[in-house]
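Values in this text are rule-based calculations from the coordinates and carry no lab data. Here the structure is a predicted model, which is why all the values come from computation and not from measurement. Quick reminder, even Gly has a Cβ in these numbers, built from the backbone with ideal geometry, and neighbours come from all protein chains shown.
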């Protein structure tokens, strides 16, 4: 199992390109199930979760063509992205087996498109990071309201419908995958579907833009009410996947923590207002360009408190990274996690590096220390892994991060990009 070895103490400096967004790419790939015509996606990142999704679609009868981009080590071209063409005209197996989806929660996103297009779906209840309960009851509730017969049996969601019918859907909680699943299903439903309390994330908007390019009739994406007028069929299209705002935020935090000066290209601050505001509160200078962001960090950061909440508030996927930078900031920060109940597992590992952190329920109190010391730590989930990388870049001596397969799920060419910024980091087999 691979590990990551980091020799800390080097301020990050230079320029790298940001990859396509994992959280946008996964639902977009599932959208190809809605049409018999080929759909082309560009800027698709090299990630384990993407490979898993493509294998899942292939076993359903989807023809997958993937043209890999060249990614030379230590160059800015890391992040160029693949071109993927999906042809679901031969769709013949509406089953997503446990063996293929146990590591990836996003696999539930095949449910809505399969029921809408094939009239039936049997999808294993998904796995993913162990950061807390992420139930699929809102997906089931919405499909049931649209006329599907849905049952959960032997660990699978089994849904059937001759043709879904438009309905007024109100989600009990803001759910990104729930909004995406129901929006895709509604594209081929009879009549109008209205999703209230919809997720507002940029990835939802990216999916809606692609569906509209395929012939869907969608309005309101990006707001909390989305309206979809069902159509008889969708057609093929070409769509470029948006930049990864969480990868962007992670590298900004790494530069901030190390006292660095970096420029990130192929991305936009438009998706990151809450994160950039907090980085500026920490004392960083941030310059936003049309398709790039530059950050220059002070000699030492000022501690800043955060509270996670659905977009456009501070994202839960950036909480761990801010815990890492607050660990070496001047002052004490209070971090409140309101999305997932089990998302402070990285705190114990940061403490192993010398951080001063106290946990009380869904709140963490982080008192900045002058320095961290390298040690062996273990990644527990995707974003926790990123926080340990940031801490390792700051720590004196060497930090060895175990179980980095979590990182490979969500960060493309991480060690190459960090090396391009001057970090001393290498993968250990």
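Calculate I(q)/I(0) for the range 91-190 by the Debye formula, one identical point scatterer on each C-alpha and no solvent, and give its log10 at q = 0.20 Å⁻¹ to two decimals.
-0.95
Between residue 367 and residue 270, what length in nm is gained on full extension when 0.36 nm per residue of separation is reduced by their alpha carbon distance?
31.9 nm
In whole percent, what relative contact order does the chain give with Cα contacts below 8 Å and a gap of six or more residues?
In percent, rounded to a whole number, it is 22.
Would you please calculate the Kirkwood hydrodynamic radius of the range 222-365 over all C-alpha pairs and express it in Å, rounded to one decimal?
After inverting the pairwise mean of 1/r, the radius is 16.7 Å.
Compute the Rg to Rh ratio over the range 206-303 from the alpha carbon atoms, using the Kirkwood formula for Rh, and round to two decimal places.
1.16
For the pair residue 58/residue 351, report the inter-label distance in nm, with labels modelled 7 Å from Cα in the Cβ direction.
4.4 nm
So if we plug the beta-carbon distance of residue 405 and residue 137 into 1/(1 + (r/R0)^6) with R0 = 30 Å, what FRET efficiency do we get, rounded to 0.05?
0.55
What's the ranking of 260-271, 82-93 by average number of surrounding C-beta atoms within 10 Å, highest first?
Taking the mean over residues of other Cβ atoms within 10 Å, the ranking is 260-271, 82-93.
Run lengths n ≥ 4 of DSSP H only: what is the helix-derived mean residue ellipticity at 222 nm for the chain, with -39500 (n - 2.57) per run over all residues, to the nearest 500?
It comes out at -9000 deg cm²/dmol, rounded to the nearest 500.
Relative to the present Cα-Cα distance, how much length would full extension add between residue 1 and residue 219 at 0.36 nm per residue of separation?
Between residue 1 and residue 219, full extension yields 73.9 nm more.
In percent, what relative contact order does the range 291-429 have, based on Cα pairs under 8 Å that are 6 or more apart in sequence?
Contact order relative to length: 20 percent.
With viscosity set to 0.692 mPa s at 37 °C, what whole-number translational diffusion coefficient in µm²/s follows for the range 332-429 from Stokes-Einstein and a Kirkwood radius over Cα pairs?
Calculated translational D: 232 µm²/s.
If you wrap a convex hull around the alpha carbons of the chain, what volume per residue comes out, as a whole number of Å³?
Cα convex hull per residue, to the nearest whole number: 119 Å³.
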